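Written below as structure tokens is the structure these notes are about.
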Amino acid sequence: MKKNSNMKIQNQRMGTVITNSDSSNMRAAMDKVAESLTHTISPVAKEDDTPIDKSVLIRTTEAERERWKQAAAAEQISLSAWIRDRLNSAASKVLDCEHPESMVRRYPWSVTCTKCGKRLS
């Protein structure tokens, strides 16, 4: 888009001319639409700075939900963050082997975790 000395804006592809008054009307209309929109902020995960934009629906009792809310409030975090922290911790225990010492076998040629089968050295 180019601006000429007559204060007109011309769109090269469409060949249309928009005057300043048209532009002001368009801006006013867009401002009015923007005022009616609900402003939301997409929370960001701490680990990798990606937006937290997926939902998981679970069924629970009112008593469980209230208990979770109290626990989250005690830690001064949102219920959503509290649930994510707990579920991520549980997933790590299942998926990420911590190589417990009782499961580590040491041989002269290697050290191996018998829980996950990973060679540690």
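The values are calculated or read from the model by the stated rules, or taken from the named source; none is laboratory data. Computed from a predicted structure; not experimentally measured. Reconstructed Cβ throughout: ideal geometry from the backbone, glycine too, with neighbour counts over all protein chains shown.
Values computed for the structure shown
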read-out	value
Filter result for the condition that a residue is at pLDDT below 95 and surrounded by 13 or more Cβ atoms within 10 Å (Cβ to Cβ), over SER89, SER78	SER78
The range 24-58: number of residues that are loosely packed, with under 10 Cβ neighbours inside 10 Å, modelled with pLDDT of 75 or more and within 18 Å of TRP82 (Cβ to Cβ)	5
